[in-house]
1. Could you give P(r) for the stretch 8-55, binned at 5 Å from zero, as whole percent values over all Cα-Cα pairs?
2. At 1.4 Å probe size, put Ser150, Ser41, Ser157 in order of accessible surface, largest to smallest.
3. If N is the number of residues in the stretch 56-178, what value comes out of its Cα radius of gyration divided by 2.2 N^0.38 Å?
4. Cβ under 11 Å from Asp111's Cβ, Asp111 left aside: what net charge do those residues give with Lys, Arg +1 and Asp, Glu -1?
5. What are the equivalent ellipsoid semi-axes of the stretch 1-86, built from the alpha-carbon gyration tensor (square roots of five times its eigenvalues), in whole angstrom, biggest first?
6. Just the number, please: carbon plus sulfur as a percent of the accessible area of the chain, 1.4 Å probe, no ligands or DNA/RNA counted.
7. Could you give the accessible area per residue of the stretch 133-241, probe 1.4 Å, as a whole number in Å²?
8. Applying the Karplus parametrisation 6.51 cos²θ - 1.76 cosθ + 1.60 with θ = phi - 60° to the phi angles of the stretch 225-241, what ³J(HN,Hα) value in whole Hz is obtained for each residue in order, glycine and proline being reported as x?
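The values are calculated or read from the model by the stated rules, or taken from the named source; none is laboratory data. This one's a predicted model, so the numbers in the text were calculated from it and none came from an experiment. Cβ atoms come from the backbone with ideal geometry, glycine included; neighbour counts cover every protein chain shown. Keep in mind that these areas ignore ligands, DNA and RNA; they rest on the heavy atoms of the full protein, side chains included. Shrake-Rupley method; radii C 1.70, N 1.55, O 1.52, S 1.80 Å.
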Amino acid sequence: MGHPRNILITGASRGLGLATARRLLEYGHTVILGVRDVKRSAQAVESLPRSQNAVVVPLDVTSDDSVATAATLVDERVTHLDALVNNAGVLLDKEYVPSNTLLSTVRDTLDTNVLGVIRVTNAMLPLLRCADHARIVNVGSEAGSLALTSDPLRVHSRMRLLGYNVSKTALNAVTVSYANELRFAGIDVLTVDPGYCATDINRLSGRRTADQGAESIVDAVLSPERFPAGQFRNHDGVVPW
Ligand SMILES: NC(=O)c1ccc[n+]([C@@H]2O[C@H](COP(=O)([O-])OP(=O)(O)OC[C@H]3O[C@@H](n4cnc5c(N)ncnc54)[C@H](OP(=O)(O)O)[C@@H]3O)[C@@H](O)[C@H]2O)c1
């Protein structure tokens, strides 16, 4: 699908990240899979098609050292990055409501879902700037849409996960901030909601499959449409911020 691209995906060991890697490899792209634990991910990576186009790098998005080392390893393998998919994420507060969520849980969630995205984006920007019209796809959630969650008539208002919701709303602000800077460098920045997909993050309770969710991410990575103002998208189109 289109010219072969170099794409880095964080959190590619399982779930949506792995499914996105699989689909992009099927299309003939080079996929760099950022995984926290290379050994633990070996079996999953071996199951991928066109494995000669798959590169695995150790990458913990919460660690400055890990991200810096990953950037060096990616730089050794490719001349540029056409896309970065900031997919790694955690949901740590499923059992709680805002008033009884521990501050440490919120902090840990923000560390991965927000600071991790900023850390990885900054480290990979030199390689993204080397591409023609690179793209950053941040994997978000409708739980981060203030327009949806603040409407009591919508099911979204029942998503009351303090750490997770705040992290995904902040992620949207990260998307807009980078979009406003990077449009002048020809780099588009998007948030994509994959929909409610059956993965470990929700104990496989999602209605969509990981492959269906990955399709939304892949569309955002490969779409020929340009998004100079940034955009929040899902499989149906635009999601309100
Ligand atoms: N599933 C859904 O319904 C849904 C809906 C909306 C948005 N999302 C978003 O989609 C993204 C992927 O989630 P998923 O559903 O695929 O969940 P998942 O199956 O639990 O996968 C999460 C991935 O993130 C990785 N990860 C977590 N912390 C990390 C860290 N510090 N550094 C590097 N990688 C880390 C995990 O790696 P390990 O294997 O090492 O733990 C794993 O690969 C998340 O951002 C999530 O918020 C999911």
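1. So the P(r) values, bin by bin, are 5, 27, 39, 23, 5, 0.
2. Working: Ser150 85, Ser41 5, Ser157 35 Å².
From most accessible down to least: Ser150, Ser157, Ser41.
3. Values: Rg = 16.1 Å, N = 123, 2.2 N^0.38 = 13.7 Å.
Here the answer is 1.18, to two decimals.
4. Values: positive: Arg107, Arg119; negative: Asp60, Asp108.
My count for the surroundings of Asp111 gives 0.
5. On the way: eigenvalues 69, 48, 22 Å².
Equivalent ellipsoid semi-axes, largest first: 19, 16, 10 Å.
6. Working: 5950 of 11360 Å².
Heavy-atom surface of the chain belonging to carbon and sulfur, 1.4 Å probe: 52 percent.
7. Working: 5030 Å² over 109 residues.
Roughly 46 Å² per residue, with all protein chains present.
8. The phi angles translate into 5, 9, 10, x, 9, x, 7, 10, 10, 9, 5, 8, x, 7, 9, x, 4 Hz.
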